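Peer 1: The structure under discussion is supplied below as structure tokens; questions concerning it will follow.
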Amino acid sequence: MQNQFDPRTTSSAYDPAVNVGVPRAARDAGLRSYMLSVYNYMASAVLLTGIVAMVFAGSGYAATIMGTPLSWLIILSPLAIVFAMSFGVNRMQTSTLQALFWTFSVLMGLSMSTIFLVYTGTSIAQTFFATAAAYLGLSLYGYTTKRDLSGLGTFLIMGVVGLLVAMLINLFLQSSTMALAISAIGVLLFAGLTAYDTQRIKSMYAYVQGTDMVGKTVIMGALTLYLDFINMFQFLLSFMGSRR
């Protein structure tokens, strides 16, 4: 099951309209440290999710609870955390956001453990490395490009909403052709969002530098990039993964 938990689809004070392209900040060591922190949080969360997913699947518990009410609780809990973080970012302490972020990563690992029951380990590994390579290239493009991607971001976010609607419809239709199309479109949408979000997170540094919002922005930025990676990985796995 896809996990479309995306803070961009919620309304919060965290995501103001910002201008892209801040030449002075791009040369600032503070910006490099800020972006490095975002990537470190994001990569650590992906690693934690992967470890939890493998351990939980290997323990046999994932197969035991699959299809039960507990499995739905595990699947929906990360969504609740994303909403809490997105709407409460201004009220919460940075330490609270950090705790929620790591809790979210663990719950996502529990939720994603079922992929080890559906797909072969080889196809999961191949898809992960393919996603990682594409993600690095796309994020690098978003970081270095001088082009304003804000207009593209609006289109992509609308596309994600449309994709969610299509997924809900296909829950009833159970069309394999439609599922394949959804997976292909999902990969493209989140590939574009990776570049867009990287640029947006970079540009926000100019607004939060020197304030107590820096730490919060780092965590929320890492959450956004994490979601881009995970969604792109899952859609790509649905598209090219080998089932058991």
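Peer 1: Kindly indicate whether residue 174 is modelled with pLDDT under 95, out of contact with any Leu (no Cβ under 9 Å at 6 or more places or on another chain) and more than 22 Å from residue 123 (Cβ to Cβ).
Peer 2: Yes.
Quick grid of which residues meet (1) within 18 Å of residue 244 (Cα to Cα); (2) buried (at least 16 other Cβ atoms within 10 Å of the Cβ); (3) touching a Cys at 6+ places or on another chain (Cβ under 9 Å); (4) of a type in the set (Ser, Thr, Tyr):
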{"site": "70", "(1), (2), (3), (4)": "no, no, no, no"}
{"site": "76", "(1), (2), (3), (4)": "no, no, no, no"}
{"site": "89", "(1), (2), (3), (4)": "no, yes, no, no"}
{"site": "95", "(1), (2), (3), (4)": "no, no, no, yes"}
{"site": "100", "(1), (2), (3), (4)": "no, yes, no, no"}
{"site": "113", "(1), (2), (3), (4)": "yes, yes, no, yes"}
{"site": "121", "(1), (2), (3), (4)": "yes, no, no, no"}
{"site": "126", "(1), (2), (3), (4)": "yes, yes, no, no"}
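Peer 1: Among the numbered conditions (1) exposed (fewer than 15 other Cβ atoms within 10 Å of the Cβ); (2) closer than 30 Å to residue 212 by Cβ, tell me where residue 146 comes up short.
Peer 2: With respect to (1) exposed (fewer than 15 other Cβ atoms within 10 Å of the Cβ); (2) closer than 30 Å to residue 212 by Cβ, residue 146 is out only on (2).
Peer 1: Taking residue 221, is it among the small types (Gly, Ala, Ser) and touching a Phe, Trp or Tyr at 6+ places or on another chain (Cβ under 9 Å)?
Peer 2: Yes.
Peer 1: Let me ask another. Specify which of the listed residues (203, 238) is polar (S, T, N, Q), surrounded by fewer than 21 Cβ atoms within 10 Å (Cβ to Cβ), in contact (Cβ under 8 Å) with a residue 24 or more places away in the chain and assigned to a helix (DSSP H, G or I).
Peer 2: Just a single option satisfies the conditions, and that option is 203.
Peer 1: Still on this structure: Return only the number of the condition from (1) crowded, with 17+ Cβ neighbours inside 10 Å; (2) closer than 27 Å to residue 37 by Cα that residue 65 does not satisfy.
Peer 2: (2) is the only condition that residue 65 fails.
Peer 1: When you go through 95, 59, 113 one by one, which is the residue that is under 19 Å from residue 233 (Cβ atoms), modelled with pLDDT of 90 or more and out of contact with any Asp or Glu (no Cβ under 8 Å at 6 or more places or on another chain)?
Peer 2: Going through 95, 59, 113 in turn, just one is under 19 Å from residue 233 (Cβ atoms), modelled with pLDDT of 90 or more and out of contact with any Asp or Glu (no Cβ under 8 Å at 6 or more places or on another chain): 113.
Peer 1: Out of segment 181-192, which residues are of a type in the set (A, V, I, L, M) and within 17 Å of residue 233 (Cβ to Cβ)?
Peer 2: 182, 184, 185, 187, 188, 189, 191, listed by residue number.
The values are calculated or read from the model by the stated rules, or taken from the named source; none is laboratory data. Just so you know, these numbers come straight off a predicted model, no measurement behind them. A quick note on method: Cβ atoms are made from the backbone with ideal geometry, for glycine too, and the neighbour counts reach across all protein chains shown.
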